[in-house]
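No value in this document is a laboratory result; all are computed from the given coordinates. In this text, all values refer to a predicted model and were calculated from it rather than measured experimentally.
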Amino acid sequence: MKTKLLFFGLVLCIGLSSCIPHKDLVYLQNREVALDSLATNNLTEIQKPYRIQINDILNIRVKALDQEKVSIYNPVGNENLNAESQERAYFDGFTVDVHGNIRIPVLGEINVLGYTTEEIQNILEQKLLKDQFKETANIFVTVKLAGLRYVTSGEVNSPGTQVLFQDRVNIFEAIANSGEITQTGNRKEVMIIRQYPQGQQIHKLDLTDINVMKSPYYYIQNNDMIYVKPLKQKSWGTGVTGTQTITTLITVMGLVTTSILLIDRL
C-alpha cells in the first residue's frame, strides 16, 4: 500500500512540475493590482521615429500642379502597388545602398542613412525647389517605407518573413501575423534582434507583463528578427498540461512494470 501511494505521489509531483503554469500563458498581466482593475491609462506608449538603414526600400512619390513635369520621379506602376504584390516594392522602390544612398532621377545620389522619412521628404522638397522647380509648382513629396518587413522564428505557428503595410506595428500584432506563440513558447523572454548602424543588438520583452507597453521596443522596426525561445517543458517531452504529463508517465510506468514482470518470469 505504501509503495502504491509513493508511486502515485511521485507521478503527481512530476506532473505538476512539468506542466506549463497558467501564468506563463497569459499576456499583459498586472502584477501590482487586481486583474480586474488594469490602469492602462497610465501606460505611455513609447516609440522613437524610425531612421533609415542600409537595404531599406523607400516608396517615394512627387506631386505637383503639373503632374507631367514630375512623372520622371514616380516609378512606373507605382499606383498599382498593394499588399498583394509585394514584389512591386522591390522593383519600383528606391533601395538604400551600402553607402546609405538612393538614386533619384535627375537629382542623382542622395544620402538618407539615419534620417526619418519626414526628414527625407523635406530634403527632397528643398532640393527639387532649388534645382528643378519654382515654389509656384507646389511640389509635394511623400516618403514611406515600402512595407514593414520582419522575421519571426522559434516557437511561433507560422515562422518566416512577414511584410505589413502599416506605419507602426507593435509586438503583439507582429506575433499575431505569425500565427501566435505556441503553447510551449516562452512569453517571458521574447527576443528582438535589431539592426543598428554600429551592428546588431538583442532586446528582450516579457509579454506576460503589462508594463511591456512602456518598453521602447514595444513597436517593432523594419528588418527586426523576433525569436521566441521554447520553455523547458518542451525539451522534457512529458506534455504541456497536467493530464498529458500524467498520461505519459502512467504509460511509461506501465511499460516498465510489464517489462520487469516478463523478465522475472524468464
Discussion item. Please report Rg (one decimal) and Dmax (integer) in Å for the Cα set of region 83-198.
Written reply: 18.6, 61
Worksheet, complete the sentence: Long-range alpha-carbon pairs in region 86-126, meaning those over 13 Å apart, account in percent for 58
